[in-house]
1. Considering the range 35-49 alone, what residues qualify as being open to solvent by 40 Å² or more (accessible area, probe 1.4 Å) and free of Cβ contacts under 8 Å to residues at least 40 places away in the same chain?
2. Here are some conditions: (1) open to solvent by less than 60 Å² (accessible area, probe 1.4 Å); (2) part of a helix (DSSP H, G or I); (3) within 22 Å of Gln6 (Cβ to Cβ). Arg166 meets all but one. Which one does it not meet?
3. Does Met70 satisfy the criteria of being closer than 22 Å to Val160 by Cβ, surrounded by 15 or more Cβ atoms within 10 Å (Cβ to Cβ) and in contact with a strand residue (DSSP E or B) (Cβ under 7 Å, 6 or more places away or on another chain)?
4. Report whether or not Asp63 is assigned to a helix (DSSP H, G or I), without any contact (Cβ under 8 Å) to a residue 60 or more places away in the chain, out of contact with any strand residue (DSSP E or B) (no Cβ under 8 Å at 6 or more places or on another chain) and surrounded by fewer than 17 Cβ atoms within 10 Å (Cβ to Cβ).
5. Taking the range 73-111, which residues are more than 27 Å from Leu216 (Cα to Cα), part of a helix (DSSP H, G or I), open to solvent by 20 Å² or more (accessible area, probe 1.4 Å) and out of contact with any helix residue (DSSP H, G or I) (no Cβ under 7 Å at 6 or more places or on another chain)?
6. What are the residues in the range 184-223 that are of a type in the set (Ser, Thr, Tyr), at pLDDT below 95 and touching a Phe, Trp or Tyr at 6+ places or on another chain (Cβ under 8 Å), if any?
7. Can you tell me which residues in the range 134-150 are more than 15 Å from Ala40 (Cβ to Cβ) and not hydroxyl-bearing (Ser, Thr, Tyr)?
8. Restricting attention to the range 260-311, and to residues there that are closer than 28 Å to Ile69 by Cα and among the polar types (S, T, N, Q), which single residue is least open to solvent (accessible area, probe 1.4 Å)?
Amino acid sequence: MEVVTQPHIIPPGSVAATIGMFDGVHRGHVMLIDFLKRQAASRGLKSAAITFREHPQKVLRPDTDLQMIMTLDDRIKALGEQGVDYVILMDFDLQLARLDSRSYIKLIRDNYGVELLVTGFNHRFGHNRSETFDDYKQHGKQLGVELMQADEYRGQYSPVSSSIIRRLILAGKVDDAAHCLGRPFSLAGTVEHGFEVGRQLGFPTANVGGLDPSVLIPHRGAYVVRVKVDGGELRGGMANIGVRPTLGNGSHRQSIEVHIFDFDGDIYGLPIEVEFVGFLRSELKMESLDQLRAQLEEDRARSLGILSQME
């Protein structure tokens, strides 16, 4: 897979492409890309996913609080894992937003060698959103670009969209989000020093810092997780997202603390990836540390039960 960041690198008339934000690279995206690859192969063309560095909403509405399911680097990696030949990165700006659909088709034909454009079943582009797919086909015919529309994803977990998945994650429904994504939602950061009270309770935790601020964080509460430290093996654990109300440390800053089962090591400063498997409970304020310890024991038992069902 080649990442293309500049126009006029790909030979003219050599590419079958699809366009989208592809945030999450979910089951619907995977079906679309599979369809694209089949159509490309039948025509002797290379396949390409055209995507944007920034979400169009962030350009059109700079005050939006929209956060993403994954970072740009992770999105590029996930698209590459789907087997496309090119990931084409474009900058969505106000000039691009003003283009009509015909000009848009001409731009990707001239700049990125697109001969076939495959759209999602409900995808719209160009500033005139009242146009239909038949209008797109007519523009393409005039420009020498074939237009095809992929079917709607109707799998077990439909409907699927990036916006639906974002809402699920923000509500703490990470298991439902995983069904839609085809894999668990994850966060990547670095292990930082925390207050180290967990160790005193028998539950040492890794404080996850260095998170990309563009990526959303699940609802406050306790979660079953799987954890990978410094690219090592995937281990079971549990995580808490919140402000540590029981410990009363005077901080209102949200933290993500992960307890890794059957693990003890100095991992400060190392990269960590946390996969969210399931939601355990909302964040609670306990009356004492003993009550907190008892709740953590219960959380651990439930987490081990859920993880055992995944083996």
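The values are calculated or read from the model by the stated rules, or taken from the named source; none is laboratory data. Source: prediction; values computed, not measured. With ideal geometry, Cβ positions are generated from the backbone for all residues, glycine too; neighbour counts draw on all protein chains shown. SASA here: full protein model, heavy atoms, side chains in, ligands and nucleic acids out. Shrake-Rupley method; radii C 1.70, N 1.55, O 1.52, S 1.80 Å.
1. Arg38, Ala41, Ser42, Gly44
2. (3)
3. Details: closer than 22 Å to Val160 by Cβ: yes; surrounded by 15 or more Cβ atoms within 10 Å (Cβ to Cβ): yes; in contact with a strand residue (DSSP E or B) (Cβ under 7 Å, 6 or more places away or on another chain): yes.
For Met70, the condition - closer than 22 Å to Val160 by Cβ, surrounded by 15 or more Cβ atoms within 10 Å (Cβ to Cβ) and in contact with a strand residue (DSSP E or B) (Cβ under 7 Å, 6 or more places away or on another chain) - is met.
4. No; evaluated as a whole, the condition is false for this residue.
5. Within the range 73-111, Gln95, Ser103, Leu107, Asp110, Asn111 meet the criteria.
6. Of everything in the range 184-223, nothing turns out to be of a type in the set (Ser, Thr, Tyr), at pLDDT below 95 and touching a Phe, Trp or Tyr at 6+ places or on another chain (Cβ under 8 Å).
7. Taking the range 134-150 as the starting set, the residues that turn out to be more than 15 Å from Ala40 (Cβ to Cβ) are 134-144, 149.
Selection gives Asp134, Asp135, Lys137, Gln138, His139, Gly140, Lys141, Gln142, Leu143, Gly144, Gln149.
8. Of everything passing the filter in the range 260-311, Ser303 is least open to solvent (accessible area, probe 1.4 Å).
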